[in-house]
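Just so it is clear, none of the values below were taken in a lab; they were calculated from the coordinates. Model, not experiment: these values are computed from the prediction. Every residue, glycine as well, gets a Cβ built from its backbone with ideal geometry; the counts of neighbours run over all protein chains shown.
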Amino acid sequence: MSVRRLADETVQPANFAFSKENTAWVKKRIALYPEGRQQSAVIPLLMRAQEQDGWVTRATIESVADMLDMPFIRVLEVATFYTQFQLQPVGTRAHVQVCGTTPCMLRGAEDLRSVCQKKIHQHAHQLNEEGTLSWEEVECLGACVNAPMVAIGPDTYEDLTPARLEKIIDAFEKGAGDTITPGPQNGRIFSAPISGLTTLTETPAPIRAKPAASEQPAKKKVTSTKIARVKEPTVKVARPGDSALFKTPAGTPDDLKLISGVGPVLESKLNALGITKFAQVAGFKKADISRVDDVLNFRGRIERDEWVSQAKALAKGGAAEYLRVFGKKPR
């Protein structure tokens, strides 16, 4: 394992402070842990600080240590052990992480590294002249089927060629990184074959909260007189469709996958319930969350991943408002 040290004192800021929005997030995150176990929040807090400032400074480590009542050395051990933490300044517009593990290496990662050396700096972890770009080589980023690939911030750019990476870097250097769509860069969908799907081509049936009466299994009659037959009371269970909040609104559906914690499967389930807009999720009350939990079969996830807060920001001002509130772009 390589030795990782903090950046030189000449580039270290004098102090660190979370933004107002991130301070509220930090307090809520720490409160998730049992009394006496708050130190377990050290990694989430360091990651939030890095998302805010781009890298982890000495002042950041000391501030997080004070918040969690930890010795400075313990937080330093965490920050220097995990390579996900940047210990020196990174580009203000993009820090390119080139995957160099075997699948990517066999598919051209060395050529991508050469592009970074040409377009950014000859050496990893060094800023370009403008201070807007930096790069490093990392281990597996989890998109082996789409090798070779790079990660920039929370997004991955896959199925790359050197020429395509050059265009991506140029876009970020001009501050136009948002014009590049993350994911495969060769036209295929996720990890599907470039020639198109060969399996799972059927359209899934709509998801229903309760099976139709015709699909209910027949009840067996009790014939023995020795068994007392007790008629169970009928209980009416409220379903999402009972509320006006779950009536499919007119207009183009929102991309609910921008809510962290919502993937294609959960989005399709929400759509089947009539939920197609951020504003609908933003309007969830406790009873609504309980009803949706019953259908999604992911009890607690809505509150744990803060779907309502995310949806409120997205409904109010899209990605820009999400970035202002949470300090990062929606995924």
Two-site label geometry, residue 17 and residue 118: point separation in nm, points 7 Å out along Cα→Cβ:
4.6 nm
Spacing of the two label points (7 Å from each Cα toward its C-beta) at residue 279 and residue 248, in nm:
1.8 nm
So which of 20/119; 174/277; 27/312; 27/269 end up more than 29 Å apart, counting from Cα to Cα?
20/119; 174/277; 27/269
Residue by residue through the range 90-98, which ³J(HN,Hα) values in whole Hz follow from phi under the Karplus form 6.51 cos²θ - 1.76 cosθ + 1.60 (θ = phi - 60°), with glycine and proline marked x?
10, x, 5, 10, 6, 10, 8, 9, 8
If amide H atoms are modeled at 1.01 Å from N in the peptide plane, then the residues at a separation of 5 or more from residue 91, or on another chain, having amide H under 5 Å from its own are 134
Within the range 32-93, list the chymotrypsin sites (Phe, Trp or Tyr not before Pro) lying in a DSSP loop whose Cβ has at most 13 other Cβ atoms in a 10 Å radius.
82
Extending each Cα 7 Å along its Cβ direction at residue 51 and residue 111, get the distance between those two points in nm, one decimal.
3.5 nm
The set of residues whose placed amide H lies less than 5 Å from the amide H of residue 137, leaving out same-chain residues fewer than 5 positions away, is 98
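May I ask you to order 165-171, 285-291 by the average number of other C-beta atoms within 10 Å around their residues, highest value first?
Details: 165-171: 18.3, 285-291: 14.7.
Sorting 165-171, 285-291 by mean packing, highest first, produces 165-171, 285-291.
Could you tell me which trypsin sites (Lys or Arg not before Pro) in the range 32-134 are loop residues by DSSP with no more than 12 other beta carbons within 10 angstrom of their beta carbon? Each step should come with its number before you reach the end.
Numbers: sites: 37, 48, 58, 74, 93, 107, 113, 118, 119; in loops: 37, 93, 107.
Answer by residue number: 37.
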To make sure I understand the rule: partners must be aspartates and glutamates, Cα under 18 Å from the Cα of residue 316, and not fewer than 8 residues away in the same chain. Which ones qualify?
21, 254, 255, 306
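Gain in length, residue 299 to residue 145, computed as 0.36 nm per residue apart minus the alpha-carbon separation, to one decimal in nm? Working shown, then result.
On the way: separation 154, 0.36 × 154 = 55.44 nm, distance 3.16 nm.
Length difference between fully extended and current span is 52.3 nm.
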Counting other Cβ atoms within 10 Å of each Cβ, which GluC sites (Glu not before Pro) in the range 1-80 have at most 13 and sit in a DSSP loop?
35
Assuming 0.36 nm per residue, please report the length gained on full extension of the stretch residue 205 to residue 171 beyond their Cα-Cα distance.
8.1 nm
